[in-house]
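The values are calculated or read from the model by the stated rules, or taken from the named source; none is laboratory data. Since we're looking at a predicted model, the values are computed, not measured. Note that we place each Cβ from the backbone using ideal geometry, even for glycine, and neighbour counts take in every protein chain shown. Heavy atoms of the whole protein, side chains included, go into the accessibility calculation; ligands, DNA and RNA do not. Shrake-Rupley method; radii C 1.70, N 1.55, O 1.52, S 1.80 Å.
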Amino acid sequence: MKKLFVKTYGCQMNAYDSARIADLLAPLGYGAAVGPEDADMVVLNTCHIREKAAEKVYSELGTLRVLKEEKAGRGEAMLVAVAGCVAQAEGELMLRRAPVIDLLVGPQTYHRLPEMIARISRAGGKALEADFPALEKFDALPDAGARGLSAFLTVQEGCDKFCSFCVVPYTRGAEYSRPPEAVIAEAKALVAGGVREIVLLGQNVNAYRGEAGDGKSWSLARLCEALAQIDDLARIRYTTSHPRDMDDDLIAAHRDNDKLMPFLHLPVQSGSDAILAAMNRQHRAEDYLRTIGQVRAARPDIALSSDFIVGFPGESDADFEATMALVRQVKFAQTFSFKYSKRPGTPAAAAPKQISEGVKNERLQALQKLLLEQQDAFNDAAIGSTMDVLFEKPGRGRGQFVGRSPWLHPVHAEGKELIGKILPVKIIARTANSLKSVLE
Ligand code: SAM
Ligand code: SF4
């Protein structure tokens, strides 16, 4: 069990929000910590009403920086998030002034925390979500320097799919795709600022349908093709996709577009057709498996990732077993799995036959054990092979650097000034969560 410590500043409303943040993170396996010392994640839920509010937060962040460094020395990680009105008011400035921060959320964007945590652990880097009006946000010039070598680029927002467990269609509104010209301009600015890898983001990124100036509608595959023409851009990724929107041209792009990395995050949630129907996912397990088959035919080495929910209302032992069977069949490289938790206002929250906490825990444990075995097997299979790594940051030891393989393995190597370079390495061993390598 991971531990969460939320420090609340200010009014009752903030205290209420802090409780919601804890609720939101519980399905990710976070229980309450006594203090920052024993926490895997610390959230400062800030309030702007008092004088010098920001200074107080910065001073607290100074203390957390020392603690985070001490923990890093012991090989332990700690995520630091700043939420609330100070985060909203300070925005990117705060990330620059206090690099200890991993995540920043405004008061209207708490609901994105689980997704942001997932994003960071998938792709590294930092995440900022403050609720600015869409136009203002998209018009803001990206600060590539602050984003490092791998940058996120939002191309699509919102969702019209209304899965019965999910709040996104209510909180983020209808699907909206940015025009391709705006995305390409932003990508060029990022690359000019030193970015080598772009991760295209959207709640349903593969449902992207951007309307170009000539009135033509672009698919995600076409957008990736255009982005691949940017010379110094080496790698393109995209997340999160929906199985129903995995079109033939996107599958073909995994065969034809060299810059599109061989990694696909395609959430299935469950392997049971009855549960998939109750979730309103609008596809069956066999549709998902067929899509996976097509993707693998196009790109045989593709690494697969997914999200799972266990303990959805009405999930029987047989339904859960169907999820386990699907996992055994597909073999995933890395995944995210959650216990179902009620989101007020969503249909599933009012459904009969809610599953007990005890059963949810048992199922989550069994599923995660299987998924971890698959992750380890995937990483073990890399040992002895040679792969290109984009080095992004210094590692813990002296002369050590960390980067990502095309398949998103975190890879360590020793060398001189490797950051920003894409170099072939030979994988020599696996540690708990990463691979050890030597430069070729
Ligand atoms: N649009 C993506 C899709 O359809 O796959 C998912 C976006 S959602 C914000 C990220 C993940 O959170 C979901 O894939 C799901 O596994 C999980 N999730 C969403 N609502 C949940 C709930 N009520 N309880 C547990 N997990 C939930
Ligand atoms: Fe939309 Fe994904 Fe939420 Fe379903 S889970 S409603 S597809 S954001």
Of 111, 412, 283, the one that fluctuates the most in a GNM where the chain has Cα springs shorter than 10 Å: 283
With all protein chains modelled, accessible area of residue 330 [1.4 Å, Å²]: 0 Å²
Residue among 202, 194, 384 with the largest mean-square fluctuation in a Gaussian network model of the chain, springs linking Cα atoms under 10 Å: 384
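Would you calculate a helix-derived [θ] at 222 nm for the chain, using -39,500 (n - 2.57) for each DSSP H run of n ≥ 4 and dividing by the full residue count, to the nearest 500?
Numbers: 15 runs with 161 residues, N = 440.
Per the formula, -11000 deg cm²/dmol.
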Separation of the residue 20 and residue 419 label points, Cα + 7 Å toward Cβ, nm: 3.7 nm
Label-point gap, in nm, between residue 212 and residue 351 - each point 7 angstrom along Cα→Cβ: 4.2 nm
65, 398, 112, reordered so the largest accessible area comes first (probe 1.4 Å): 398, 65, 112
Segment residue 174-residue 34, extension gain: residue separation times 0.36 nm, minus the distance between their alpha carbons: 46.4 nm
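Where does each of 342-350, 321-329, 80-88 land if you order them by average Cβ count within 10 Å, highest first?
Numbers: 342-350: 15.0, 321-329: 17.0, 80-88: 24.8.
Most protected by this proxy first, the peptides run 80-88, 321-329, 342-350.
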Cross-link reach list, lysines versus residue 188, counting only Cα pairs under 27 Å and skipping chain neighbours closer than eight places: 126, 137, 216, 259, 393, 421
Of 313, 394, 352, the one that fluctuates the most in a GNM where the chain has Cα springs shorter than 10 Å: 352
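Could you calculate the contour length gain from residue 249 to residue 274, that is, 0.36 nm times the residue separation minus the distance between their Cα atoms, to one decimal place in nm?
Using 0.36 nm per residue and subtracting the Cα-Cα distance, I get 6.0 nm.
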DSSP H segments from the chain that extend 24 Å or more along their own axis, Cα-based, with Kyte-Doolittle mean of -1.0 or above: 53-73, 357-380
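If you roll a 1.4 angstrom probe over the protein chains with everything in place, what fraction of the accessible area of region 336-440 belongs to carbon and sulfur, to the nearest %? Walk me through the numbers before you get to the answer.
Values: 3160 of 5720 Å².
Exposed carbon and sulfur together represent 55 percent of the surface.
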Distance between modelled label sites at residue 182 and residue 438, nm, 7 Å Cα→Cβ extension: 5.1 nm
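With a 1.4 Å probe and all protein chains left in place, how much accessible area per residue does the chain have, in Å²? The partial results should precede the final answer.
Details: 19570 Å² over 440 residues.
I get 44 Å² per residue for this part.
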